[in-house]
1. Suppose we filter 18, 51 for residues that are more than 28 Å from residue 111 (Cα to Cα) and modelled with pLDDT under 95; which single one remains?
2. Please work out which residue is nearest to the chain's Cα centre (by Cα), limiting yourself to region 93-115 and to residues that are outside any helix (DSSP H, G or I) and at pLDDT below 95.
3. What number goes with the only condition from (1) surrounded by fewer than 18 Cβ atoms within 10 Å (Cβ to Cβ); (2) modelled with pLDDT of 95 or more that residue 33 does not pass?
4. With respect to residue 9, determine if the residue is under 23 Å from residue 108 (Cα atoms) and touching a residue at least 12 places away in the same chain (Cβ under 8 Å).
5. With respect to the numbered conditions (1) in contact with a helix residue (DSSP H, G or I) (Cβ under 9 Å, 6 or more places away or on another chain); (2) in a loop (DSSP other than H, G, I, E, B); (3) at pLDDT 95 or above, which one is the sole condition not fulfilled by residue 1?
6. Scan region 13-34 residue by residue and report those that are touching a helix residue (DSSP H, G or I) at 6+ places or on another chain (Cβ under 9 Å) and either part of a helix (DSSP H, G or I) or in contact (Cβ under 8 Å) with a residue 60 or more places away in the chain (or both).
7. Scan region 78-92 residue by residue and report those that are loosely packed, with under 13 Cβ neighbours inside 10 Å and part of a helix (DSSP H, G or I).
8. Looking only at region 39-55, which residues are over 15 Å from residue 82 (Cβ atoms) and either free of Cβ contacts under 8 Å to residues at least 24 places away in the same chain or exposed (fewer than 15 other Cβ atoms within 10 Å of the Cβ) (or both)?
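The values are calculated or read from the model by the stated rules, or taken from the named source; none is laboratory data. Because the structure is a prediction, the values reported are computed rather than measured. Note that each Cβ is placed from the backbone with ideal geometry, even for glycine, and that neighbours are counted across all protein chains shown.
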């Protein structure tokens, strides 16, 4: 998957979900309650996901090999930035942060308009 495809898939996922994927205590999760997924979690197919990935960043020992297998890890910096967007930014600010990420990585901005 190329950087633009990653960006577009994550942006579309975040727009559709419009909320973080968190556990009861407020910690962000690759797979959260009621089917929610974080920015990186939406890139990981169900058959590649395992609960041990939780509480790890993209370089974690249970996450990195899966991202490498999927051909995503070569875009580590983009994945890091998208994970930070989900984990640290307010949902209402996501469109602006996505636009900034697109500029940084010289990607086409996500074209859907969030309302």
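1. None of the others qualify; the one that does is 51.
2. 110
3. Only one criterion in (1) surrounded by fewer than 18 Cβ atoms within 10 Å (Cβ to Cβ); (2) modelled with pLDDT of 95 or more is unmet by residue 33, namely (2).
4. Numbers: under 23 Å from residue 108 (Cα atoms): yes; touching a residue at least 12 places away in the same chain (Cβ under 8 Å): yes.
Yes: the conditions hold for residue 9.
5. Status for residue 1: all satisfied but (3).
6. Scanning region 13-34 gives 13, 14, 15, 17, 18, 19, 20, 21.
7. So the first thing to find is which residues in region 78-92 are loosely packed, with under 13 Cβ neighbours inside 10 Å, and the list is 88, 90, 92.
Scanning region 78-92 gives 88, 92.
8. So in region 39-55, the residues over 15 Å from residue 82 (Cβ atoms) come out as 45-55.
Scanning region 39-55 gives 45, 46, 47, 48, 49, 50, 51, 52, 53, 55.
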